[in-house]
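Structure first, commentary second.
The values are calculated or read from the model by the stated rules, or taken from the named source; none is laboratory data. Owing to the predicted nature of the structure, the values given are computational and were not obtained by experimental measurement. Glycine also receives a Cβ, built like all others from the backbone with ideal geometry; neighbour counts cover every protein chain displayed. Ligands, DNA and RNA are excluded from the accessible area calculation, which covers all protein heavy atoms including side chains. Shrake-Rupley method; radii C 1.70, N 1.55, O 1.52, S 1.80 Å.
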Amino acid sequence: MMAPGRSAAELRPLASIGQLPVIEPLDSIELGPGDVDIWCCFYDDVRDPELLAAYEALMAPDERVRHRRLIFARHRLQFLVTRALCRWALSRYAPVAPGAWCFASGAHGKPAITAPVVRPQIWFNLSNTQGLVACAVSAAHEFLGVDVEAVDRKTDLHGLAERFFAAREADALHALAAEQRRERFFSYWTLKESYIKACGLGLRIPLGQFAFDLEDGMPIGVSFDPRLKDDPSHWRFALLRASAEHLLAVGAKVGPGAPMRLRMATCIPFRGLAQSVGAAP
């Protein structure tokens with residue numbers, strides 16, 4: 001049985017990125033207590049050969065090897081943009097050239113900065129899907145996760161829900177009208193991914209051992225199986241519609257009662273902000 005509790009996120013599901021405050025296009029950006037900045041790049045139109053060459057020049061030797069091994073052009077483009085966005089975004093918060101950042105992955109793939117040492121310390125997380133790359137950045141939340149999903153891809157919603165979701169999530173999904181199930185399925189999926197990515201343990205955390213509540217008009221709630229030994233009051237989650245085809249979820253472990261304040265920008269790395277995404281709610 002899961003422990004009761006509700007994570008009081010500031011945004012109700014399902015919010016639009018247009019409801020978030022916009023990251024100001026400054027060369028040096030400050031992160032306040034609780035701030036999480038989300039940088040999004042809709043990369044399908046990134047085709048400038050000079051820009052792509054600049055992205056490629058930033059890659060570390062091991063990244064170049066991985067890039068060359070990718071068979072399909074769309075995957076190589078996604079790989080390039082993901083790494084360029086990460087480096088470009090991080091350099092907005094510290095006097096470090098984009099090519100000077102060094103990273104390492106944890107045992108379950110979570111990336112972290114290994115050099116240079118900057119103060120205040122910066123944490124980040126990455127996600128990509130067809131057409132969209134996102135990078136979340138914070139100086140407050142070490143346990144930070146972001147996930148993006150293209151909701152129009154073909155998926156066995158029923159089979160995956162029965163296999164991976166908590167029983168009450170699967171029941172809530174099946175109780176919806178058929179036309180609502182796809183959005184709800186990906187809402188659960190992106191939120192679950194944001195949690196396991198924030199923890200840094202990947203699928204070592206069974207997806208059925210924690211459940212999200214997405215009641216209309218209510219903050220996003222989460223509850224945990226006692227085996228996870230986690231506390232809902234320590235987590236904040238937000239679920240956002242990044243575009244008509246994409247959902248984005250972000251989760252952060254915070255102190256009890258502490259905030260998670262989101263800001264957002266869409267951009268093309270090294271070309272600046274692609275567009276303004278809205279005003280503060």
Inset, instruction - Figure the gain on full extension for Met218 and Arg182 (residue separation times 0.36 nm, minus the Cα-Cα span) and round it to one decimal in nm. - result: 10.9 nm
Inset, instruction - For Lys154, list the aspartates and glutamates whose Cα falls under 18 Å from its own Cα; do not include residues on the same chain fewer than 8 positions away. - result: Glu162, Glu179, Glu183, Glu245
Inset, instruction - Could you work out how far apart the two model spin labels at Leu201 and Asp156 are, taking each label as a point 7 Å from the Cα in the direction of the beta carbon, and quote it in nm? - result: 2.7
Legend entry - Among [x] 1.06; [y] 0.95; [z] 1.28, the entry derived from the coordinates for Rg/Rh (Cα atoms, Kirkwood Rh): [y]
Legend entry - FRET efficiency, 1/(1 + (r/R0)^6) with R0 35 Å, evaluated for Ala53 and Ala107 via beta carbons: 0.55
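Take every Cα pair under 8 Å in the chain that's 6+ residues apart, average their separations, divide by the length, and report that relative contact order as a whole percent.
Dividing the mean separation by the residue count of the chain yields 34 percent.
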Legend entry - Accessible area, probe 1.4 Å, largest first, for residues Met218, Met59: Met218, Met59
Legend entry - Proximal lysines relative to Lys229, as straight alpha-carbon distance under 19 Å, when same-chain residues fewer than 8 apart are discounted: Lys192, Lys197, Lys253
Legend entry - Paramagnetic reach from His67 (point 7 Å along Cα→Cβ, amide N under 19 Å) across segment 29-59: 41-59
Legend entry - 222 nm mean residue ellipticity, helices alone, for the chain (DSSP H n ≥ 4; -39,500 (n - 2.57); rounded to 500): -8500 deg cm²/dmol
Legend entry - Test item: Cα-centred dipole of segment 40-181, Lys/Arg +1 and Asp/Glu -1 on Cβ, debye: 480
Inset, instruction - Report, in whole Å, the centroid distance computed from the Cα atoms of segment 147-184 and segment 227-260. - result: 19
Legend entry - segment 148-192: trypsin sites (Lys or Arg not before Pro) in DSSP coil with no more than 16 other Cβ atoms inside 10 Å: Arg153, Lys154
Legend entry - Surface per residue (accessible, 1.4 Å probe) for segment 42-145, Å²: 49
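Using mean Cβ contacts within 10 Å as the protection proxy, how do 36-43, 104-111 order, highest first? Write out the running numbers ahead of the final one.
Details: 36-43: 24.5, 104-111: 12.5.
The packing order, highest mean first, is 36-43, 104-111.
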